[in-house]
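The values are calculated or read from the model by the stated rules, or taken from the named source; none is laboratory data. If you're wondering where the values come from, they're calculated on a predicted model, not measured in any experiment. Don't worry about glycine lacking a Cβ; one is built from the backbone with ideal geometry, like all the others, and counts go over all protein chains shown. We work out accessible area using only protein heavy atoms, side chains counted, and drop any ligands, DNA or RNA first. Shrake-Rupley method; radii C 1.70, N 1.55, O 1.52, S 1.80 Å.
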Amino acid sequence: MAERKVRVRFAPSPTGALHIGGVRTALYNYLFARQHDGKLIFRIEDTDSSRFVPGAEEYILESFKWLGIQFDEGVTFGGEYGPYRQSERREIYKKYVQVLLDNGKAYIAFDTPEELNAKRAEIANFQYDASTRGTMRNSLTLSKEEVEALIAAGKQYVVRFKVTPNEDVHISDLIRGEVVINSSILDDKVLYKSADQLPTYHLANIVDDHLMEVTHVIRGEEWLPSAPLHVLLYRAFGWEDTMPQFAHLPLLLKPEGNGKLSKRDGDRLGFPVFPLEWHDPKTGEVSSGYRESGYLPEAVINFLALLGWNPGNDQELMSMDELIQLFNLQRCSKSGAKFDYKKGIWFNHQYIQKKPNEEIAKLFLPILKEHGVEAPFDKVVTVVGMMKGRVSFVRELWDAAGFFFVAPTEYDEKTVKKRWKEDSAKCMTELAEVLSGIEDFSIEGQEKVVMDWIAEKGYHTGNVMNAFRLTLVGEGKGPHMFDISWVLGKEETLARMKRAVEVLK
Ligand code: GLU
């Protein structure tokens, strides 16, 4: 068989916000597609109308736009295999359901919910399968005429897949290797419901993967139990030659490693589990997102890429282009990946350091504005360059560096007690005079003159600098003193010193 061009898909159901695990699935599909010069399809699996949530599709698209994951085909992107929204493909599925009915791989069942419940009450662990289907109301037990009469009378029915029992189903998974499951554990899954004239997930998923010529199905571990049924469906259609290769990704685990990551873990430990803030239209609940929490998209991508995959060495920082080069399904782990959200914070710190100061400054401007500060861009860039090493989020720059933009109005009591000595006022008045005489107010220019003056006076350098810091910052924090006074400029530096001396005496 000729080598097929790689085609993969991300196929969410629009049932709410996209979980961070879904983002990782989409990312791996994207990396795989790019690496193989293939195509990534965006398909919406919305055949379960009862779970449809308005706004979810738009939310998912916006998330990927923010993260820089691009699709080649699909809903809103177009392509030759459309429509890509399953609710717009009803007629296609009907045709394929009929194919299975015609070749005896599926059958019609009329059992009402009440009848099914009665069976469940009667038989422990009841399963609709080869052992029970002969006792139910379906096209295998009813005559052709009875079936036609029931349909003509408008009775609702479902189409079920006829699973042959006691057959080993082999799934070759690119991550897990060969998985074998006996068909007897499978039930005769519903493939289609007359009530809404829509197929279920299983049928629509297989038909679309086939028609869209999907070559690899890369998805979360939670879909592994569906894989045997999917393999049997491909066979029932006679499509085994073009059956996609499966790769079931490892589960994302709680940060502590005990069990599956859930939204509650995020609430409990204070990290987002959604890419963007999500406003639940039903409950009105608002859930935090990575974007609104101040994460850079590059950091989120890098962080997620390493949850369940590694490049084979201890390299951690990788751009999207590097990830495309290095990604490899064989290096994905089988066992679950602990969601170490602190590592996510670490990545954000790293990407803030990597990003040009100008770009971080642009992100800092709106935060400054929130605090009523409008500063020259050059100054913001300089401050960012001096201070970004201390933060993991841009918004933390305000706490760390706000004093560059707003003079202290009060002086931290503890620092005053510790750092403001009897002679500090006098010393600062002298220092102000020394500074006012300096023409070259650069960092080095100030340093030389001030150090000479301290030596000449026989002052204690630490005491002078601590008091100096208190006058400019209002507390004991901040970078090197002359970095601060240089950014503030001579005039502002002298004004702050004067005021501190007045207030602290
Ligand atoms: N619609 C499924 C989901 O919501 C797709 C599963 C698959 O990729 O086959 O994840």
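At-a-glance table
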read-out: Condition broken by Ile324, with the remaining ones in (1) outside any loop (DSSP other than H, G, I, E, B); (2) open to solvent by 70 Å² or more (accessible area, probe 1.4 Å) satisfied; value: (2)
read-out: Any hit, region 129-138, residues being polar (S, T, N, Q), surrounded by 14 or more Cβ atoms within 10 Å (Cβ to Cβ) and either out of contact with any Ser or Thr (no Cβ under 9 Å at 6 or more places or on another chain) or at pLDDT 95 or above (or both); value: yes
read-out: Hits in region 21-53 - residues which are open to solvent by 10 Å² or more (accessible area, probe 1.4 Å), of a type in the set (Gly, Ala, Ser) and under 14 Å from the mean Cα position of the chain (by Cα); value: Gly21, Gly22
read-out: Filtered residue count, region 341-356, keeping only those that are surrounded by 17 or more Cβ atoms within 10 Å (Cβ to Cβ) and either over 22 Å from Met318 (Cβ atoms) or among the charged types (D, E, K, R) (or both); value: 1
read-out: Lone qualifier among Glu410, Glu447 - being exposed (fewer than 12 other Cβ atoms within 10 Å of the Cβ), under 30 Å from Pro376 (Cα atoms) and either out of contact with any Phe, Trp or Tyr (no Cβ under 7 Å at 6 or more places or on another chain) or modelled with pLDDT of 95 or more (or both); value: Glu410
read-out: Residue check, Gln156 open to solvent by 20 Å² or more (accessible area, probe 1.4 Å), under 37 Å from the mean Cα position of the chain (by Cα), touching a residue at least 12 places away in the same chain (Cβ under 8 Å) and away from the ligand (no atom under 16 Å from the Cβ); value: no
read-out: Looking only at region 7-20, and only at residues there that are open to solvent by less than 20 Å² (accessible area, probe 1.4 Å) and among the β-branched types (Val, Ile, Thr), the one that is farthest from the ligand (Cβ to nearest atom); value: Ile20
read-out: Matching option when the condition is in contact (Cβ under 8 Å) with a residue 40 or more places away in the chain, of a type in the set (Ser, Thr, Tyr) and away from the ligand (no atom under 16 Å from the Cβ), among Tyr201, Tyr128; value: Tyr128
read-out: Test: Phe126 is out of contact with any strand residue (DSSP E or B) (no Cβ under 9 Å at 6 or more places or on another chain) and either under 30 Å from Asn29 (Cα atoms) or surrounded by 14 or more Cβ atoms within 10 Å (Cβ to Cβ) (or both); value: yes
read-out: Unique match (being over 17 Å from Tyr84 (Cα atoms), open to solvent by 10 Å² or more (accessible area, probe 1.4 Å), out of contact with any helix residue (DSSP H, G or I) (no Cβ under 9 Å at 6 or more places or on another chain) and away from the ligand (no atom under 14 Å from the Cβ)) among Glu3, Glu58; value: Glu3
read-out: Filter result for the condition that a residue is touching a residue at least 12 places away in the same chain (Cβ under 8 Å), exposed (fewer than 13 other Cβ atoms within 10 Å of the Cβ), over 26 Å from Val391 (Cα atoms) and under 47 Å from the mean Cα position of the chain (by Cα), over Lys505, Lys418; value: Lys418
read-out: Elements of type strands (runs of 3 or more DSSP E) contained in region 181-250, each with 1 or more residues being farther than 24 Å from Leu116 by Cβ and among the small types (Gly, Ala, Ser); value: 216-220, 245-249
read-out: Given (1) within 19 Å of Phe42 (Cα to Cα); (2) open to solvent by less than 40 Å² (accessible area, probe 1.4 Å), number of the condition Trp239 does not satisfy; value: (1)
read-out: Residues of region 76-98 classified as open to solvent by less than 70 Å² (accessible area, probe 1.4 Å) and closer than 16 Å to Asn205 by Cα, total; value: 13
read-out: Residue match in region 275-291 (condition: surrounded by 20 or more Cβ atoms within 10 Å (Cβ to Cβ) and touching a Pro at 6+ places or on another chain (Cβ under 6 Å)); value: yes
read-out: Region 213-269 - residue that is basic (Lys, Arg) and more than 26 Å from Thr164 (Cβ to Cβ) and, of those, farthest from the ligand (Cβ to nearest atom); value: Arg268
read-out: Where a residue in region 460-480 is free of Cβ contacts under 8 Å to residues at least 40 places away in the same chain and its partner, wherever it lies, is not polar (S, T, N, Q), with Cβ under 6 Å and at least six apart; value: Thr461/Ile454; Val464/Ile454; Met465/Met481
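Table: residues versus (1) farther than 30 Å from Asn328 by Cβ; (2) in contact (Cβ under 8 Å) with a residue 60 or more places away in the chain; (3) under 33 Å from the mean Cα position of the chain (by Cα).
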| site | (1), (2), (3) |
| --- | --- |
| Glu178 | no, no, yes |
| Asn182 | yes, no, no |
| Ile185 | yes, no, no |
| Asp188 | yes, yes, no |
| Met212 | no, yes, yes |
